[in-house]
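The values are calculated or read from the model by the stated rules, or taken from the named source; none is laboratory data. Note that the structure is predicted; figures quoted are calculated from it, not measured. Heads up, the Cβs are rebuilt from the backbone with ideal geometry, glycines too, and the neighbour counts pull from every protein chain shown. The area values use the complete protein model at the heavy-atom level, side chains included, leaving out ligands, DNA and RNA. Shrake-Rupley method; radii C 1.70, N 1.55, O 1.52, S 1.80 Å.
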Amino acid sequence: MKRLLILLILFAFVPLMAIDCLPGSGRSVEQNTRDYHLAYHRGVDDLHFYGSNSWAVRFDFAHYYYPNLQDLSFTINALRLWFPQTGDSVTVRLFSDDEGQVVVPELASYSVLVDANDLTIPLSEPISEQCVWMVVDYETFFNGPYVSASTGDGSHSYFLNTSMGTPFYQNLAHAGYNAELLFGAVGEFAQLSDLRLVSLNLNGEYVPEQTVYPSFVIHNHSDQAVSGLSINLNLTFPQASENITQTIDIADAIPPHADFVWDSHQPGYSDYGMFIPRDPMQARLRGTIVPPENTDNYAPNNTIDKYYYSFSDEMPIHIVENFFRSANASSILHQEAAAIADAHLRDIHLLNYLPILADTLSSTAALNHFSWYGFNTLPRVVLGGDSRIIGLRHGFIDDFTAKCDTLSQKRSFISYCRLDMETEAETMTLNFGLTNDNTQLFSGGGNYDLVRNSVFFVGLFKEESLSGQNFWNLEKWVVHALPFDVSLNMGERLDFTVEMSTLGLDPNDNFRLYYWIQERRGGSIYYADMMDVEITVSNDDYVQTPSTFSLSPNPLRGNRALTVDSGKSSGILKIYNIRGQLIHMQSISQQKTQLDPSIFPQSGVYLVSIQSLGDKTQKQTAKISIIK
């Protein structure tokens with residue numbers, strides 16, 4: 001077998017190019033539930049990619065349900081693709097797989113007009129395979145057309161990389177993009193003929209002493225109508241006496257390849273209400289299909305678990321995180337500030353991150369947080385950790401205001417957080433004490449441990465003037481995504497200590513510590529608070545930088561030397577990274593000194609300090625951005 005990787009005849013004239021992306025429309029792509037619609041994307045037009053003329057998704061059907069079932073084959077009946085623009089033509093080809101590489105000859109090829117955003121291509125003959133490459137030949141450019149993608153893992157979606165001499169398909173994750181292309185396969189698993197619990201929810205406001213109602217969707221993937229089935233629903237709590245168990249019998253037969261929807265339109269829907277206990281606690285809703293005995297059944301498809309929380313403690317503040325470039329500041333910040341000026345949104349705080357190091361107020365700390373969220377494009381707005389606005393599009397202010405209204409209603413399982421600060425020399429010690437007085441949480445027993453699946457952030461933010469208004473911009477992290485290794489159940493308290501260097505901080509500036517608990521992988525923020533910080537220094541620690549001290553060029557790019565003009569003939573020069581760690585020290589004996597760029601180990605923001613030999617109270621500091 002020859003792999004497409006080494007067959008240059010298919011791509012002999014492909015020009016060198018690099019991919020990039022722009023914010024998408026945010027539009028949801030409706031899912032087709034008649035057959036299996038297997039896709040690795042999440043059904044949202046988050047990003048528009050360009051820069052290649054061949055894109056691909058590798059569908060590993062054999063391990064789709066791994067580890068519960070392996071070596072499955074899938075029969076593809078149609079291909080489903082979503083494009084942000086129409087009017088161009090596209091060629092879609094299917095190939096077999098050999099150890100992760102495309103294999104020729106092709107299994108099928110279709111050239112069609114993109115006459116709709118949601119494009120379905122029926123196959124002339126079904127194809128059954130355990131692993132298939134869908135290769136989409138579609139030329140893309142900066143000004144369009146584009147291919148669409150959702151934020152996601154990125155390991156299943158590929159583009160043709162022609163910059164290395166021999167063309168090869170590189171997945172988006174390896175290229176630094178956490179995104180999956182909006183391409184899918186429609187069909188049936190060859191060995192399975194089963195029922196599938198597609199979705200499960202509780203409708204209504206999930207708060208103490210309120211009644212909520214279950215809704216669910218069951219899909220029949222078989223060629224026969226199925227009747228006589230039911231679903232078991234179990235709402236379980238840490239306090240077992242509050243558990244609720246229900247069985248809903250489904251009276252109607254479900255036709256072949258069709259859905260059964262249980263919602264408020266079904267007779268008897270209101271008979272299955274679930275009353276939420278008065279005491280705040282975590283809950284797990286488990287739904288399990290009970291099929292007729294003569295129906296082929298695949299158990300992992302028949303059960304869904306969902307977790308719900310009825311917290312009662314008010315959060316001191318709510319956080320909105322802005323990721324943008326300085327050019328976007330005016331457009332975003334003025335709209336947001338106007339929206340949260342309303343009295344009921346007074347507890348919402350705007351935190352700003354500039355992750356592009358070429359921006360004046362940028363920092364490696366902001367870049368690290370941008371990467372932690374798995375973002376690829378700017379601007380991004382994150383409300384309460386798990387709610388997103390991508391890009392600046394029409395209706396931004398309405399979307400932002402609606403999300404802020406929802407955010408302001410969030411509650412916490414943390415009843416109180418104590419923060420004591422102690423300062424000695426250039427170190428500030430922060431003593432935290434988290435207390436859970438009211439909320440019962442699961443711990444052990446195979447249930448989701450909310451605290452162990454959350455992380456802690458402490459960031460030092462500096463008040464800066466952006467677009468004529470004062471806002472809080474990230475200066476540095478004290479701790480970033482610190483994991484919890486213990487639970488925090490009702491009646492328990494968690495104490496811990498972290499330290500922060502104050503080296504290089506100007507006591508004339510305004511600083512504020514923001515700290516919060518957030519679910520891993522960019523999930524919900526469950527507690528947030530802040531405290532203003534006064535930077536104090538000893539007499540020999542700081543003197544404001546005179547205008548004669550300068551660094552050039554700033555920012556420093558590539559292999560250029562850095563010129564330090566100290567304004568004095570002698571002294572000690574020290575360079576610190578953003579964490580306050582000393583990375584270089586030398587004596588200077590003239591007013592101007594040139595430093596080799598190799599002193600700086602990587603791109604980032606550094607502090608350069610010069611102390612006079614004759615008078616140790618004379619210390620000058622300045623910030624330099626390094627772009628390698």
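Model label sites at Ser330 and Tyr272, defined 7 Å from Cα along the beta-carbon direction, differ in position by 5.6 nm.
Counting pairwise Cα distances across the stretch 266-349, what percent come out greater than 19 angstrom? So the pairs more than 19 Å apart make up 69 percent of the total in the stretch 266-349. Per residue, the chain exposes 44 Å² of solvent-accessible protein surface, assessed with a 1.4 angstrom probe and all protein chains in place. Placing Asp137, Asp88 in order of accessible area, with the largest value first and a 1.4 Å probe, yields Asp88, Asp137. Placing Asp194, Asp495, Asp529, Asp399 in order of accessible area, with the largest value first and a 1.4 Å probe, yields Asp495, Asp399, Asp529, Asp194.
Pairs of C-alpha atoms in the stretch 383-430 farther apart than 18 Å represent 57 percent of all such pairs. Assign one of three labels to the stretch 174-290, namely rounded, prolate or oblate, based on the Cα gyration tensor with a ≥ b ≥ c the square roots of its eigenvalues; rounded applies when a/c is under 1.5, prolate when it is not and a/b is larger than b/c, and oblate otherwise. In terms of gyration-tensor shape, oblate. Rolling a 1.4 Å probe across all protein chains gives Tyr527 an accessible area of roughly 10 Å². Cα centroid distance between the stretch 87-118 and the stretch 405-462, in Å? Each part reduced to its Cα centre gives a spacing of 49 Å.
Length available on full extension from Glu293 to Ala108: 0.36 nm per residue minus the Cα-Cα distance, which gives 62.7 nm. Here the extension length gained between Asp305 and Ser570 equals 88.6 nm, from 0.36 nm per residue of separation less the Cα-Cα distance.
On the accessible surface of the chain, probed at 1.4 Å, how many percent belong to carbon and sulfur atoms? Ligands and nucleic acids excluded, carbon and sulfur give 46 percent. Extension gain, Arg557 to Trp372, is 64.1 nm, computed as 0.36 nm per intervening residue step minus the present C-alpha separation. Distance between the 7 Å Cα→Cβ label points at Glu519 and Gln85: 3.7 nm. Charges were assigned to the Cβ only: +1 to each Lys and Arg, -1 to each Asp and Glu. The resulting dipole of the chain about its Cα centre is roughly 1980 debye.
Can you tell me how the stretch 401-489 classifies by the Cα gyration tensor, rounded, prolate or oblate, using a/c under 1.5 as the rounded cut? Oblate, since a/c reaches 1.5 and b/c is not below a/b. Only protein heavy atoms count here; under a 1.4 Å probe, Met428 has an accessible surface of about 10 Å². Projected label points at Asn234 and Asn470, each 7 Å from Cα along the beta carbon direction, are separated by 5.6 nanometres.
Residue pairs exceeding 21 angstrom between C-alpha atoms, taken from Lys568/Lys623; Lys568/Lys628; Lys476/Lys574; Lys574/Lys623; Lys462/Lys574: Lys568/Lys628; Lys462/Lys574. When we measure straight from the Cα of Lys306, which aspartates and glutamates land under 18 angstrom away, once same-chain ones fewer than 8 places off are left out? Correct list for Lys306: Glu205, Glu242, Asp263, Asp386, Asp449, Glu519.
For the chain, rounded, prolate or oblate, judged on the Cα gyration tensor with a ≥ b ≥ c (square roots of eigenvalues), a/c < 1.5 rounded, else prolate if a/b > b/c? Here the chain falls in the oblate category.
Put simply, the Cα atoms of the stretch 81-183 extend 35, 34, 27 Å along their principal axes, the longest span coming first. Only protein heavy atoms count here; under a 1.4 Å probe, Arg452 has an accessible surface of about 100 Å².
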